[in-house]
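Every number in this text was worked out from the coordinates using simple rules, so none of it is lab data. As the structure is a computational prediction, the values presented were derived from the model and not from experiment. Positions of Cβ are backbone-derived with ideal geometry, glycine not excepted, and every protein chain shown enters the neighbour counts.
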Protein chains: 2
Amino acid sequence: MTNSVAPTRRRGSDKRDRLVAAATQLLLEQGIERTTLADVAAAANVPVGNVYYYFKTKDDLVAAVVTGYIERAKAVLHEIEIKYRTPKARLRALVRQLTAHGDQIAETGCPVLCSELGKRAGIDLSQSELMKNPLVWAEDQFRSLGRTDARELSQQLMADYEGSALLSNTLNDPSILRAMSRRLLAWIESM
Amino acid sequence: MTNSVAPTRRRGSDKRDRLVAAATQLLLEQGIERTTLADVAAAANVPVGNVYYYFKTKDDLVAAVVTGYIERAKAVLHEIEIKYRTPKARLRALVRQLTAHGDQIAETGCPVLCSELGKRAGIDLSQSELMKNPLVWAEDQFRSLGRTDARELSQQLMADYEGSALLSNTLNDPSILRAMSRRLLAWIESM
DNA sequence: GTCTATAAATCGATAGAC
DNA sequence: GTCTATCGATTTATAGAC
């Protein structure tokens, strides 16, 4: 009984990881529908046909990208909890984290891909950890601050972030995201 | 010299209009890339091949949809200017207008399609009237209120709208958009 | 496990009859 | 102007050699 799993992760080959990494970047830059498996394979230096050894369908590859994003986000939230002990400091850290790569966001748009994912069949984003995790996390922080409207505040925070990311991308102007970041930090400070 | 134009609008046929109307709805519901010309033709009750009599390419059809959106938005802003004379009343009317069809927005997402349009070749959204018109219009209203940071306020307004529309769609919850509407109205009121 | 070659399906676009 | 039939390119996916 070895500890090998599925037709995935095996010692000595990082092809699967390279494919997910390449897909993560390309899906963001070009969008899901405009990115072909050939694009991904080329960027990962993997022959096209071999992609199907690791992912049965394109949807599976997209799902792997989303899972990767969810895991990274989870790790970031966990690190913030360890590093900062007060709700305010944690919320500030979240805002800084979200807007940290502002220039890239201005180029690629919302890094969550939700507007596209929601239009793909078989995905119920409202139940996905993709948005739920950060929303619930921020809600918990606001509640720790004694706010009874924690849910609404959390949604407001994420909406402000997503909206300014979208506008930054549309107008190709990173300063919009930075302005929103300043505003959110002041807002949290004033609580 | 008649008043007929291009291979378009002719007395007695509304095929072109039907195609644009069908495309407008389908692009919103399914996204640009996932909507085929066959989809549009079927929804408009027009044979597939005939689409190309009215639009040389799919991009042309998309452009017609965008133009239609820009014209309608322009008309709405113009009507608001006629109906309301103070900047505050005008801004309130804009917010109400933007969030008027909240339930549909929760289903289809941002009605401006900017996240998808930006990823299509040959479109510079930062120069398009699509976002520029409402942004400049709101900026003018804020400036009339004596605000020197009118530009930033206008961007903030549109980012809040886009973000809450996106989140409403992602979580399939129209109340998020309504909450943002209330918040924006109070914000304008307090100026 | 890896890769090449190719099948199968989809879709944008065109030709040409009416 | 309208419509049918179909081409050609692209892309997802599979078969099968190594």
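Summing charges over all other residues whose Cβ lies under 14 Å from the Cβ of B:THR170, with Lys and Arg as +1 and Asp and Glu as -1, gives -4. Overall, chain A carries a charge dipole of about 580 debye about its Cα centre when +1 sits on the Cβ of Lys and Arg and -1 on the Cβ of Asp and Glu, all other atoms neutral. Straight-line cross-link reach from A:LYS88 at under 19 Å between alpha-carbon atoms covers these aspartates and glutamates, not counting any fewer than eight positions away in the same chain: A:GLU79, A:GLU139, A:ASP140, A:ASP149, A:GLU152, A:ASP160, A:GLU189. Note on A:SER190 and A:TYR52: the model spin-label points, each 7 Å out from Cα along the C-beta direction, lie 5.8 nm apart. Estimated translational diffusion coefficient (Stokes-Einstein, Kirkwood radius over Cα pairs, 37 °C, 0.692 mPa s) of segment A:127-166: 320 µm² per second.
In summary, the lysines within cross-link reach of A:LYS119, defined as a Cα separation below 22 angstrom excluding same-chain residues under 8 places away, comprise A:LYS56, A:LYS58, A:LYS132, B:LYS58, B:LYS119. Look at the stretch B:111-117: the mean tally of other chain Cβ atoms within 10 Å of its residues' Cβ atoms is 4.
Our coupling estimate for segment A:165-176, obtained by passing each phi through the Karplus curve with A = 6.51, B = -1.76, C = 1.60 and θ = phi - 60°, is 5, 4, 5, 4, 5, 4, 8, 6, 9, x, 5, 5 Hz, Gly and Pro reported as x.
Of A:ASP39, A:ASP60, the sequence from fewest to most neighbouring Cβ atoms within 10 angstrom is A:ASP60, A:ASP39.
Please find, in a Gaussian network model of chain A (springs between Cα atoms separated by less than 10 Å), the residue of A:GLN30, A:GLN97, A:GLN127 whose mean-square fluctuation is greatest. Highest fluctuation among the options: A:GLN127. For segment A:17-74, the list of trypsin sites (Lys or Arg not before Pro) that fall in a loop by DSSP and count at most 15 other C-beta atoms within 10 angstrom reads A:LYS56. In a Gaussian network model over chain A where Cα atoms closer than 10 Å are linked, find which of A:PRO174, A:PRO87, A:PRO47 has the largest mean-square fluctuation. Evaluated over chain A, the most mobile residue of the options is A:PRO47.
Only helices enter the 222 nm calculation for chain A: every DSSP H run of n ≥ 4 contributes -39,500 (n - 2.57), and dividing by all residues gives -21500 deg cm²/dmol, rounded to 500. With springs only between Cα atoms under 10 Å apart, run a GNM on chain A and tell me which of A:ALA100, A:ALA159, A:ALA121 wobbles the most. Evaluated over chain A, the most mobile residue of the options is A:ALA121. Counting only other chain Cβ atoms within 10 Å of each residue's Cβ, the peptide A:126-136 averages 2. Per the Debye formula on identical point scatterers at the alpha carbon atoms of the protein assembly as shown, with no solvent, log10 I(q)/I(0) at q = 0.07, 0.10 Å⁻¹ is -0.36, -0.72.
For segment A:104-147, the dipole from Cβ point charges (+1 on Lys and Arg, -1 on Asp and Glu) about the Cα centre works out to 120 debye, to the nearest 20.
According to the Cα-based calculation, Rg over Rh for chain A is 1.02, with Rh computed by the Kirkwood formula.
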